[in-house]
1. Using the structure shown, decide if Arg273 is in contact with a Pro (Cβ under 8 Å, 6 or more places away or on another chain) and in contact (Cβ under 8 Å) with a residue 12 or more places away in the chain.
2. Only one of Gly70, Gly118, Gly110 is surrounded by 14 or more Cβ atoms within 10 Å (Cβ to Cβ), at pLDDT below 90, out of contact with any His (no Cβ under 9 Å at 6 or more places or on another chain) and not assigned by TED's automatic domain parsing to the domain that holds Thr244. Can you tell me which?
3. Which residue pairs have Cβ atoms closer than 9 Å, lie 6 or more positions apart in sequence or on different chains, and pair a first residue in region 29-52 that is outside the structural domain of Pro367 (by TED's automatic domain parsing) with a second residue that is exposed (fewer than 15 other Cβ atoms within 10 Å of the Cβ) and aromatic (Phe, Trp, Tyr)?
4. Within region 122-141, how many residues are surrounded by fewer than 17 Cβ atoms within 10 Å (Cβ to Cβ) and either at pLDDT below 70 or among the β-branched types (Val, Ile, Thr) (or both)?
5. Show me the strands (runs of 3 or more DSSP E) found entirely inside region 225-332 where at least 1 residues are among the small types (Gly, Ala, Ser) and not assigned by TED's automatic domain parsing to the domain that holds Tyr182.
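The values are calculated or read from the model by the stated rules, or taken from the named source; none is laboratory data. Small disclaimer: the values here were computed from a predicted structure and weren't measured. Note that each Cβ is placed from the backbone with ideal geometry, even for glycine, and that neighbours are counted across all protein chains shown.
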Amino acid sequence: MHLPNQSHQYCIPDAAEHVKFLEEIDQIPAKDAPPIFGLHTNADLTFRLKESNEMLNTLLDTQPKDASAGGGLSKEDQVKEKIEKELLQQLPNDFNFIDVDDRLKTLKGGPKQIVEAGSMKLMPLNIFLKQELERFQKILDIVRHTMISMVDAIDGSTIMTPEIVDSITAVFDFRVPTKWQYDPTGAEISWMTPSLGGWIKGLGDRYHQLSTWIFKERPQSFWLTGFFNPQGFLTAMKQEVARTKKDKGGWALDEVVYDTEPTKEIVAGDDGRIDSVKLSVPAEGVLVHGLFLEGAGWAKNEKRLEESAPKELYFQFPVLHVFAAYLPRNEKDRQQGQMPAGGGRGGRVDVQTKLKSYYDCPVYKYPKRNDKYLIFRVCLKPEGSTQNQSTSTNKGLTAAMKWKLCGVALLCCKD
């Protein structure tokens, strides 16, 4: 196996003697390089960062927490001071659902055909917005109540329960209290962020997106990371598009699939705020931003995958246009014709072609990749660098297979 930039070349000895095989085995490095497994050299950096974080977390778990810090403040006093002077002041105001209901009746946006047809409150994305607001308010109530309970328990006004003790310890360690992220059954109820500061910042960023949407107008682009249920958001988008196709015989929702088209605009930062950005809102579908590409780079002008730059683990992905395409299960229906196969239009590559030749890139809610956090999949143009194609050791490896082997994925957050 010939691997460029590697001091050791892996091969099967051309010999019949047992000793020659042992000699070759002795020359193999103790640590295998990532390219052996088809990974980028950045994979080694990712592994070492993960290893370092685990070690730091272990040290944090084992350090003593009862000793007073400088100035004579105990752990409880420090937590009380932090809550009163910092955390409570960072909490946003509660949503007034009487005002929310009034706004939903007149909140416009979305396909023109649906806007003219009936009540705004019954539009799929407006229903989704109401559900997100309700879930956010529940989390906000839990956070505010927990903070007040911790202060009261430290003052001696209420009983110091084991749950409050755990919350105080978490805040002291700059971690997120368990009650803010999980319900009593262990089910996730909010976003998973390792640090307390990042979680509180996420609370403010999510409030900003939801309050802007409900009290101003539908955003030109949506911060997918900021939703409790991003799958529900995309499903609501499909419902809106399907409702506009009544003049074409109607689209059955189970025959509508996601199609995507990356744009060239990039929204910098990880807070999802686009107040100063001007985007062209599509007639159908939605724009989403805030995604990070891991395992590959992105050629913005050619709109295709490319090799990652050294030591750059994540690439800020451009704003993504997500829309719906009609993909009938019955080939006869496709030929008779409510629209071209796969929904191709305006010079775009149709979805059937993408499914066959593009890289089917998964989009995950968190870096921890599993089906639980899989949101949907995006077809990305897979043409890699010519260098990669010429040095490939597997002649049967297609471009899409190459990026799959590299573990390329889109993430909603990096932590």
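1. Against the criterion (in contact with a Pro (Cβ under 8 Å, 6 or more places away or on another chain) and in contact (Cβ under 8 Å) with a residue 12 or more places away in the chain), Arg273 does not qualify.
2. Every option except Gly110 fails the conditions.
3. Pro34/Phe47; Ala43/Phe37
4. 1
5. By residue number, 297-299, 320-326.
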